[in-house]
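K.L.:
Take this structure first; my questions come after.
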Amino acid sequence: MVKMAHIWQALNEVADPEIPVVSLVEMGIVRDVRLDEQANAVTVVITPTFSGCPALHVMRQDIETRLHTLGFSHVTVETTLHPPWSSDWISEEARVKLKTFGLAPPPRHGGRLEVTFFAPTACPYCNSTDTRVKNEFGPTLCRAIYYCHACQQPFEQFKAL
Amino acid sequence: MNESHQTALSTWLLAMADDQLILAHRNSEWIGHGPILEEDIALANIAQDELGHARLLYELYAALTGDDPDKLVFFRETAVYRSTQFVEYPKGDWAFTMLRQYLFDAAEMVLLTQLVDSTYQPLAQAAAKMRNEELYHYRHSSAWLKRLGLGTAESNQRTQTALDTLWPLAQQLFVPLPAAEFLTTDGVIPPATVWQEAWEQVVRPFLHNCDLAIPTAAAPPTADRAIHSPYLAPLLAEMQEVARFDPEATW
């Protein structure tokens with residue numbers, strides 16, 4: 001019998017399609033798992049990061065594929081908008097991984113996104129805060145573009161939401 | 001929710017979704033043509049966000065009517081679209097695009113703030129989801145309006161010309177939709193007058209501080225969302241071309 005812990009462990013191996021160093025669980029995208037042992041079915045509830053995120057259907061497919069390997073006959077992926085995804089949910093481990101991927105982690109805001117607009121952003125390469133935002137919009141909906149004056153590198157930040 | 005309330009709500013949701021979709025498409029026309037690379041990227045992002053908002057609203061609509069959001073977008077005829085002429089007008093110059101985006105962002109921001117308290121849970125939840133994304137848009141378009149309004153004589157002039165055209169067009173956003181009183185009495189949506197007043201409280205002082213004069217004449221070209229500008233049909237023809245060429249195609 002597949003235990004709940006195994007399911008979460010498997011889900012923790014499903015990578016974010018746009019940032020493959022972190023998992024959907026670490027990103028706070030997986031919200032709930034419901035198991036129906038009699039029907040050998042599992043339902044996973046996920047929430048989108050940015051509402052226009054084109055990676056959502058890839059996430060859904062990847063979750064289905066991974067959980068089918070655990071032997072479930074039915075895997076359902078539901079989406080919820082409530083509560084709305086917050087970048088505060090990104091785990092500490094994931095924040096370290098984002099940095100190794102070259103992405104500055106988003107500042108925490110406790111529900112008031114406005115405070116992040118004035119937060120200093122540390123360069124993921126040299127940790128200097130002598131950085132400047134070049135564009136609040138980047139190559140994907142969830143990334144902003146920065147420049148580090150200390151190591152003279154451009155870098156990206158995972159945007160706060 | 002009884003049938004007449006449901007019809008009123010689906011009518012309203014379709015109108016809101018269509019505005020998001022058409023403006024997103026208009027802004028996407030700048031991709032590869034932005035004045036600088038950063039703006040090209042920024043506007044593409046904003047367009048994609050608005051497309052995401054359109055999708056959320058079409059999904060709420062579809063939950064009531066059983067329609068397929070993709071079919072609504074790619075196979076609906078011009079006459080049954082419910083977009084305002086405000087979003088249909090061609091992208092114009094940079095001042096026109098940025099001013100329209102600013103006026104729309106302000107309208108969306110105040111509406112979403114009010115919708116967070118909607119008595120219709122799915123709508124309240126979608127509004128809470130969209131609102132934080134909208135903060136980024138508003139910051140961006142308002143920064144541009146400051147730059148354009150207070151920049152040079154030419155940038156101010158171009159923005160003023162855009163405002164003279166867009167101000168009356170923007171009023172159409174706030175024309176109450178058929179049977180909307182069912183929704184306002186139940187607290188599903190705010191009354192259009194409340195929405196419009198909140199919008200004006202934001203945009204009037206802001207535009208004034210950008211050295212822009214708000215036109216006195218402010219009658220929308222039409223109060224009827226079934227009456228479109230001549231610009232919608234060509235836009236839809238382009239947007240729907242691929243889907244209509246091969247309706248069975250899958251990604």
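K.L.:
Taking springs between alpha-carbon atoms closer than 10 angstrom, which of A:Ala94, A:Ala41, A:Ala15 fluctuates most in the Gaussian network model of chain A?
P.N.:
A:Ala41
K.L.:
For the stretch A:90-158, treating each Cα as an identical point scatterer without solvent, what Debye log10 I(q)/I(0) comes out at q = 0.13, 0.14, 0.16, 0.27 1/Å?
P.N.:
These q points yield log10 I(q)/I(0) values of -0.33, -0.38, -0.50, -1.35.
K.L.:
Specify the residue with the greatest mean-square fluctuation among B:Pro221, B:Pro178, B:Pro90, computed from a Gaussian network of chain B linking alpha-carbon atoms under 10 Å apart.
P.N.:
B:Pro178
K.L.:
Continuing with the same structure: Once B and A are treated as a pair rather than alone, how much accessible area drops out, both sides summed, in Å² to 100, probe 1.4 Å?
P.N.:
Interface between B and A: roughly 2300 Å².
K.L.:
Ignoring ligands, DNA and RNA, what percent of the 1.4 Å accessible area of the stretch A:26-114 is carbon and sulfur?
P.N.:
Result for the stretch A:26-114: 50 percent of the exposed heavy-atom area is carbon or sulfur.
K.L.:
Report the Cα-based extents of the stretch A:4-79 along its three principal axes, largest first, to the nearest Å.
P.N.:
Computed over the stretch A:4-79, the largest-to-smallest principal extents equal 36, 21, 17 Å.
K.L.:
Now, a different point. For chain A, which cysteines have no second Cys with its Cβ under 4.7 Å from theirs?
P.N.:
Here A:Cys53, A:Cys142 come out as lacking a disulfide-compatible partner, given the Cβ-Cβ threshold of under 4.7 Å.
K.L.:
In this model, which of B:Lys91/B:Lys129; A:Lys134/B:Lys146; A:Lys3/A:Lys99; A:Lys99/B:Lys146 are farther than 26 Å apart at the alpha-carbon?
P.N.:
B:Lys91/B:Lys129; A:Lys3/A:Lys99; A:Lys99/B:Lys146
K.L.:
Which one of B:Gln240, A:Trp85, B:Ala124 has its Cα pushed farthest toward the positive end of the charge dipole of the protein assembly as shown, where Lys and Arg give +1 and Asp and Glu give -1 at the Cβ?
P.N.:
A:Trp85
K.L.:
For a distance above 31 Å, tell me the whole-number percent of Cα pairs in the protein assembly as shown that qualify.
P.N.:
Cα-Cα pairs of the protein assembly as shown separated by over 31 Å account for 44 percent.
K.L.:
Among DSSP beta bridges whose residues both lie in chain A, state the antiparallel percentage, nearest 5.
P.N.:
The answer is about 70 percent antiparallel.
K.L.:
Further question on the same structure: Please report the net charge: other residues with Cβ closer than 15 Å to the Cβ of B:Asn2, K and R +1, D and E -1.
P.N.:
That sum, taken over residues with Cβ under 15 Å, equals -3.
K.L.:
Where the accessible area of the stretch B:126-189 is counted over protein heavy atoms with a 1.4 Å probe, how much of it, in %, is carbon and sulfur?
P.N.:
Result for the stretch B:126-189: 58 percent of the exposed heavy-atom area is carbon or sulfur.
K.L.:
If you count only protein heavy atoms with a 1.4 Å probe, what accessible area per residue comes out for the stretch A:90-158, rounded to a whole Å²?
P.N.:
That works out to 50 Å² per residue.
K.L.:
State which stretch of chain B is the longest one without any exposed GluC sites (Glu not before Pro), exposure meaning a DSSP loop state and at most 15 other Cβ atoms within 10 Å.
P.N.:
Free of exposed loop sites, the longest segment is B:78-247.
K.L.:
I've got another one for you. Run the numbers on the stretch B:40-74: which residues show a drop of 40 Å² or more in accessible area, chain on its own versus all protein chains together, using a 1.4 Å probe over heavy atoms?
P.N.:
Residues losing area: B:Ile41, B:Asn45, B:Gln48, B:Asp49, B:Arg55.
The values are calculated or read from the model by the stated rules, or taken from the named source; none is laboratory data. These numbers come from a predicted model, not from an experiment. Reconstructed Cβ throughout: ideal geometry from the backbone, glycine too, with neighbour counts over all protein chains shown. SASA here: full protein model, heavy atoms, side chains in, ligands and nucleic acids out. Shrake-Rupley method; radii C 1.70, N 1.55, O 1.52, S 1.80 Å.
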